[in-house]
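Encoded as structure tokens, the structure appears first; notes follow it.
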Protein chains: 2
Amino acid sequence: MQKNHFRECSVVQSPFDPGRGSRTAALVDRLKAEIADGAYPPGSRLPSTRALAAELGVSRTTLTNVYEQLAAEGYIETSRGARATVVDDARRRIPQAARDRTRARSLPPRLSRAAGSLLAFERTNPLAYPLGPAQAVPLAIDFRYGPLADADFPKSAWRSLVTSALLARQPRLDYGDPAGTIELRAALQAYLRRARGITCTVDQIVITHGSQQALDLCGRLLLDPGDTIALEHPGYRMGALAFETLGARLAPLPVDEHGVVTAGLSALRGARAMLLTPSHQFPLGGILPIGRRLRLLEWAERQHAYLIEDDYDGEYRYDSRPVDALFSLDRAQRVLYIGTFSKTLSPQLRLGYLVAPPHLAPVLARLKNATDRGTGRLEQQALARFIAGGQYERHVRRMRRRNARRREALLAALQRELGDRCRIQGTDGGLHAVLWLPGVRASQEAAIARAAAEAGIGLHPIGPTYWRPRAAPHRADVPGTAGHRAAARREAGFVLGYAAVSTGQIDEGVATLRRVLDRFVP
Amino acid sequence: MQKNHFRECSVVQSPFDPGRGSRTAALVDRLKAEIADGAYPPGSRLPSTRALAAELGVSRTTLTNVYEQLAAEGYIETSRGARATVVDDARRRIPQAARDRTRARSLPPRLSRAAGSLLAFERTNPLAYPLGPAQAVPLAIDFRYGPLADADFPKSAWRSLVTSALLARQPRLDYGDPAGTIELRAALQAYLRRARGITCTVDQIVITHGSQQALDLCGRLLLDPGDTIALEHPGYRMGALAFETLGARLAPLPVDEHGVVTAGLSALRGARAMLLTPSHQFPLGGILPIGRRLRLLEWAERQHAYLIEDDYDGEYRYDSRPVDALFSLDRAQRVLYIGTFSKTLSPQLRLGYLVAPPHLAPVLARLKNATDRGTGRLEQQALARFIAGGQYERHVRRMRRRNARRREALLAALQRELGDRCRIQGTDGGLHAVLWLPGVRASQEAAIARAAAEAGIGLHPIGPTYWRPRAAPHRADVPGTAGHRAAARREAGFVLGYAAVSTGQIDEGVATLRRVLDRFVP
């Protein structure tokens, strides 16, 4: 199912590849080959530059450069006034290296446990759709969650912001503060207070390469291999991937229509952290009630654990103002807040941020420094001005209106085409809906997705959000357990992202889906 | 010595922060406060929207929104036709949260071992210069290694490349291939063959956020906590930092004027990897002879270990063509090659890359995906065109000429001002020179740097490149050992970066340095 985009690309060749170029380079290669073939045995002297230059018809300067190059690479030794000498090892070794240069010897790789965990997790939790943008059959309409519409990006505004960031004179082109430029962090600080009720200092903010790096940094800060982190189940597969790669043990947190169920919290001992999406649970869409929020905060304080609040789409509420962040309710400095611009601007910017308690933020900045020394300056400065100038909030309002129209179109089309044959969940906010098919088993999800793809529609099963930890088999794997029965009972579901499709495509896509589903839905 | 840039920034406030804004938000806050104060006890009913709207002088629609917001946040319960009711927990909990929201409770942080290693390494290996661009005293002329000159960046070319990348229409704004855009990898593939003698497929290339992320990914791929990696000593402190943060044990590789000394290699058993700078050893500047290169490759093959080749400034050779990469000599697929654009374009781009053997590259791409889902698209596409259009190689040649002039100016000035009182090393390539002061003890480096800073000159000790592992004290710490005696014997040295200063500044800076050094150098 998963198509390997890399393989395809391996045959791509740049149209211009003139080889290694210069005359000097060609002569260096030729002399290496002659040394390799024994024309100049070890310890022997090469011809004088004057003699060989004449023989080869090149300038003496060129040949001097050739000899210097061979000497720099250690094949010959030169000294002023004496002729160049072939070094002892040159002959035996050059030809092997040259002959074997392209030989692909396959070795059993000795990879780290982190790499092993990553690969095992991906095997256990295959994506229902390809990793990259490649798709075996081009889809006419794709309800994949994640992408945004090209037309929604504020291109001309961004162009002038990037241009002015680029043309701004600096004393020098220096590595910046690994936590992010002060301009962006100050703009974010003010924005977070206005828009999300978050009061923090700029010191508490670390700019990241999207929310994924924020998750990775949180894991590296808080978790040792073998430590437990609790994650929503169903929940964000890429979050589980990040922590599994760090060697953590994943504990599933049950989720209902309001979000994480907190009834069993007291049984969750020893977990050092918890990943939550309280504003709009991914994928089920619950908005976590205040009582549960407070119970989670109490749990974290009692356990000396941390809550990682992934506010991935908090900007998108359609019927009411965004709910206050968990971070802003936290009295005990146990919450790390993650925000992203992937849902409001573009996932291609790779811009997100962390807001951490004061005692953690400086350590996160050091980790960011050890990891990649900080995020690129141009895009940070463009974004800082976009936010500080008020354009960002206008843009978010525009995005909210556009996506509200898409959401309405989707709900209307589903009602019109499928009516009672489907159940829709989690549409109070965000950029996706969950489509459940009552009476259809979860085991049918892949077949339905395949049939939809054949009809040109991208329809993506909810299955991968029921992630399974690598280390211990998920309870659903053990026949006879409650988890297994629940998984078998679960009805088929799909995550329908609508941020990258037009309302016309939504109408058309859902109509086509109905015809596909006619073969599956009773 | 190290100045905390963060602290300063904490007082920065954005000029516009009108609070939470709308009337609805203000009313939500007011009602929360009233519930908190007991005006509406748990279980009691709020006034009808009509009554309260009249009382407050707002529209009923506004007040309906307020109630919906309070309900969404879980403070009240609403049901059609009935009056809103305050939930049980609301009173007890809201006021605590509100009162304590800004209270800063200091907790003993329970951080990961990775974070602990990082902090311990930074304590043991303090930077001689600040982390960020902030500097206690503004320096008139700074010989810090790392930054480039603002005027050297091809701003207008970059602007048009970014603009056309930005305006290019895409079917959707999607997450890209985590390994990098195919355009950039294809352009790099051709460039590497032309310029560095590296033959690879695009599959083997992974675009990274600078060489630092490449180091981090290599470490995550190859090393478990407790595994040994060998690093040049003296060597690149940020490399040591990356691997120490991953919990690796660092084994020092001795270095002479040609690069890594391979005589003691056979004693180095159990190391799983080695970080090398064969093209231009950092900081001493040696170009690794072919014999040593081959011995390192044999060692790696025998040990089933990997060589990480950090070719951070391979473009800068002044007297001969760049030496072939270790990667291109490798017959056994044991070399991971790291390149960067931080030395030819700008460290602020955060663009680098890895070329890995075919059996490792796909795993690196997955790790990159787990870590940050890939690098931003705009800068990748701009760079792809810059390389593919031939502009990059012209730019590199221009940079080489400019930096050759700076280098000549530096060497001439040092000769003129200091003559035999100093010894210069490692200037065959790169963007820095090592200035040794015969007869002056290494322990004087900090005092000399301080005196230089007071005279407005940034002069940076070589000391931090003699990194010390966190776990075991470096042999130099143990009195009576050879390492200790060597460290005590070592003369004072400084790394002079010249890529961000003009030739005029070089003349002036070295003249000032001479006056400073008069107080220290015999």
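Using the Cα gyration tensor of the stretch A:336-416, with a ≥ b ≥ c the square roots of its eigenvalues, what is the shape: rounded (a/c below 1.5), prolate (a/b larger than b/c) or oblate (neither)? Numbers along the way, then the final one.
Working: a/c = 2.74, a/b = 2.03, b/c = 1.35.
Verdict is prolate for the stretch A:336-416.
Does the stretch A:235-275 come out rounded, prolate or oblate, given a ≥ b ≥ c as the square roots of the eigenvalues of its C-alpha gyration tensor, rounded meaning a/c under 1.5 and, failing that, prolate meaning a/b above b/c? Before the final figure, lay out the partial values.
Values: a/c = 3.32, a/b = 1.35, b/c = 2.46.
In terms of gyration-tensor shape, oblate.
Hey, if we sort B:PHE520, A:PHE121, B:PHE327 by accessible area with the 1.4 Å probe, largest down, what's the order?
B:PHE520, B:PHE327, A:PHE121
Kindly flag which residue pairs out of A:LYS368/B:LYS368; B:LYS343/B:LYS368; A:LYS32/B:LYS343; A:LYS343/B:LYS343; A:LYS343/B:LYS32; A:LYS155/B:LYS155 have an alpha-carbon separation exceeding 26 Å in this structure. List each step's numbers first, then the result.
On the way: A:LYS368/B:LYS368 15 Å; B:LYS343/B:LYS368 23 Å; A:LYS32/B:LYS343 30 Å; A:LYS343/B:LYS343 33 Å; A:LYS343/B:LYS32 30 Å; A:LYS155/B:LYS155 20 Å.
The answer is A:LYS32/B:LYS343; A:LYS343/B:LYS343; A:LYS343/B:LYS32.
From the P(r) of the stretch A:253-408, can you give the percent of Cα pairs sitting at distances over 25 Å? Spell out each step's value before the answer.
Details: 4583 of 12090 pairs.
Tail fraction, whole percent: 38.
Quick one: if the Förster radius is 45 Å, what FRET efficiency do B:ALA412 and A:ALA33 give, using the C-beta to C-beta distance and rounding to 0.05? Show your work: numbers first, answer last.
Working: r = 40 Å, r/R0 = 0.89.
About 0.70, to the nearest 0.05.
Would you kindly work out, in nm and rounded to one decimal, the distances from the label point of A:GLY419 to those of the same position in each other copy, ordered shortest first, with label points 7 Å along Cα-to-Cβ?
10.2
For peptide A:200-206, how many partner chain Cβ atoms fall within 10 Å of a residue's Cβ, on average? Please report the intermediate quantities before stating the final value.
Working: counts 2, 7, 8, 8, 2, 2, 0.
Mean shielding count: 4.
Run the numbers on the stretch B:328-464 and let me know its relative contact order in percent, using alpha-carbon pairs under 8 Å that are six or more apart. Display every interim value, and only then the final one.
Working: 78 pairs, mean separation 14.5, N = 137.
So the answer I get is 11 percent.
Could you give the length gained by full extension between A:GLN391 and A:ALA54, i.e. 0.36 nm per residue of separation minus their alpha carbon distance, to one decimal place? Display every interim value, and only then the final one.
Values: separation 337, 0.36 × 337 = 121.32 nm, distance 6.94 nm.
Stretched out fully, the A:GLN391 to A:ALA54 stretch lengthens by 114.4 nm.
In vacuum, with every alpha carbon of the stretch B:170-270 counted as one equal point scatterer, what does the Debye formula give for log10 I(q)/I(0) at q = 0.14, 0.22 Å⁻¹? Two decimals, please.
Reported log10 I(q)/I(0), two decimals: -0.76, -1.13.
Order A:ARG397, A:ARG144 by their accessible area, 1.4 angstrom probe, all chains in place, largest first. Can you show the working numbers first?
Values: A:ARG397 115, A:ARG144 25 Å².
Result of the area sort, largest leading: A:ARG397, A:ARG144.
Any idea of B:TYR236's accessible area? Nearest 10 Å², probe 1.4 Å.
About 50 Å², rounded to the nearest 10.
7 Å from Cα along Cα→Cβ at both B:ASP518 and A:ARG110: what's the point-to-point distance in nm?
With each label placed 7 Å out from Cα toward Cβ, I get 5.8 nm.
Cα gyration tensor of the stretch B:259-316, axes a ≥ b ≥ c as square roots of the eigenvalues: rounded (a/c below 1.5), prolate (a/b > b/c) or oblate? It would help to have the intermediate numbers written out before the result.
Values: a/c = 2.15, a/b = 1.74, b/c = 1.23.
Taking the square roots of the gyration eigenvalues as a ≥ b ≥ c, the stretch B:259-316 is prolate.
Can you sort A:ILE462, B:ILE182 by solvent-accessible area, 1.4 Å probe, largest first? Intermediate values should be presented prior to the final figure.
Values: A:ILE462 0, B:ILE182 45 Å².
Sorted by accessible area, descending: B:ILE182, A:ILE462.
Would you kindly work out, in nm and rounded to one decimal, the distances from the label point of A:ARG515 to those of the same position in each other copy, ordered shortest first, with label points 7 Å along Cα-to-Cβ?
Inter-copy label distances (nm, one decimal, shortest first): 8.6.
Distance in nm between label sites at B:ASP420 and B:THR62, each 7 Å beyond Cα in the beta-carbon direction?
8.8
The values are calculated or read from the model by the stated rules, or taken from the named source; none is laboratory data. These numbers were taken from a predicted model, which means no experiment stands behind them. For neighbour counting, all protein chains shown are included, and Cβ atoms are generated from backbone atoms with ideal geometry for every residue, glycine included. Surface accessibility is based on the protein's heavy atoms, side chains included, excluding ligands, DNA and RNA. Shrake-Rupley method; radii C 1.70, N 1.55, O 1.52, S 1.80 Å.
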